[in-house]
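Working notes for the structure below.
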Amino acid sequence: MKFSLKRVAAGVAVTTVAAMTLAGCADTGSGDGGSGSDDGGGAAASGDLSITLLPKNLGNPYFDASEVGASDAAEDLGAEFEQVGPTEATPDGQVSYINTAAQQGRSALLVAANDPNAICDALNEARDAGTKVVTFDSDTSADCRDLFINQADAEGIAKVQGDLIAEQIGEEGEVAILSATANATNQNAWNEAFIQYVNETYPDIEVIDTVYGDDEDQKSFDQTASLLQSNPDLKGIVSPTTVGLAAAARYLSDSNAKGEVALTGLGTPNQMREFIEDGTVTAFALWNPEDLGTLAAYAAGALVSGDIDGAEGDTFSAGGLGEFTVGADGVVLLGDPFVFDADNIGDFDF
């Protein structure tokens, strides 16, 4: 079963964090309605519609969830669908897949960018060849794509993470950030907004460091160990990446810091359930990554069909997710974030 976060909001008592447009983080989508296949799509796709999904890297549970949503939406649109990508989250690793999609004449390319600029030349060559480019999760420069599907805005993510860590450490103490890659546009924007929000809202909390696990499990695990060893007064860790959050929780769960150092961030319920249940983590937030993939695929279909051209004010249907409007700079916002804790995590399976 696939969960659309918007539907869950109506049927499950989930803590909603306002103002976030954050929707952000990662659902592997076993819920009920991420694809919205019952309702049809915004673009009446022809039989030759083809969509390629290019995540930051393969084997990442967050993007596995996005692939589920995008694949289901593509099926609803009557599109041929594939997922390709590098094993490591580097911009160089994405370029060859972009070039191949262009050479194959793919109708649309859905890309979670590993760098805002490094893949732009390849993307624009693909666009010149007639491929529509929709970025999702992590954007490029606006002149390198047709639309960006944003899971959440930076201010909303900052608020939800800031409020969670503040509550968990009593609004005072040292906090560090465990991020993904140093050049990930979304992570950097979220981290900057988080630091600003905490500085303005919780003056007794000090963000002392930002480290990078490169969305690799072992490196994120090791960075967690290093943070604790280097900062004996550390009270909390915030990890706005599903891989980092789960790796940090795994380290804390088997260390003397369990119950002493708070951990929150953005993660999937299935990854984090055991750490909620054993008390390592009190609460974390996320959007539905499956819904993110779903929305990206429907947006691509609407572009290819000519229903929209990416201009501000354009509207299109994303099946069961509903109607969406293109905002400034070609940005489409998925929605609001959720907080998961011991009271509700059992209601979700993604």
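Within region 68-91, does at least one residue satisfy the condition of being part of a loop (DSSP other than H, G, I, E, B), in contact with a Leu (Cβ under 8 Å, 6 or more places away or on another chain), modelled with pLDDT under 50 and among the polar types (S, T, N, Q)? Scanning region 68-91 turns up no residue that is part of a loop (DSSP other than H, G, I, E, B), in contact with a Leu (Cβ under 8 Å, 6 or more places away or on another chain), modelled with pLDDT under 50 and among the polar types (S, T, N, Q).
For every residue, the table says whether it meets (1) touching a Cys at 6+ places or on another chain (Cβ under 7 Å); (2) within 19 Å of Leu292 (Cα to Cα); (3) among the β-branched types (Val, Ile, Thr); (4) open to solvent by 50 Å² or more (accessible area, probe 1.4 Å).
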residue	(1), (2), (3), (4)
Leu58	no, yes, no, yes
Ala65	no, yes, no, no
Gly69	no, yes, no, no
Gln103	no, no, no, yes
Leu109	no, yes, no, no
Ala112	no, yes, no, no
Ala122	no, no, no, no
Val134	no, yes, yes, no
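Looking across region 79-101, the residues that are among the small types (Gly, Ala, Ser) and touching a strand residue (DSSP E or B) at 6+ places or on another chain (Cβ under 8 Å) come down to Ala79, Gly85, Ala101. Do we have Asp139 as under 21 Å from Leu292 (Cα atoms) and in a helix (DSSP H, G or I) here? No.
The values are calculated or read from the model by the stated rules, or taken from the named source; none is laboratory data. Because the structure is a prediction, the values reported are computed rather than measured. Neighbour counts run over all protein chains shown; Cβ positions are idealised from the backbone, glycine included. SASA here: full protein model, heavy atoms, side chains in, ligands and nucleic acids out. Shrake-Rupley method; radii C 1.70, N 1.55, O 1.52, S 1.80 Å.
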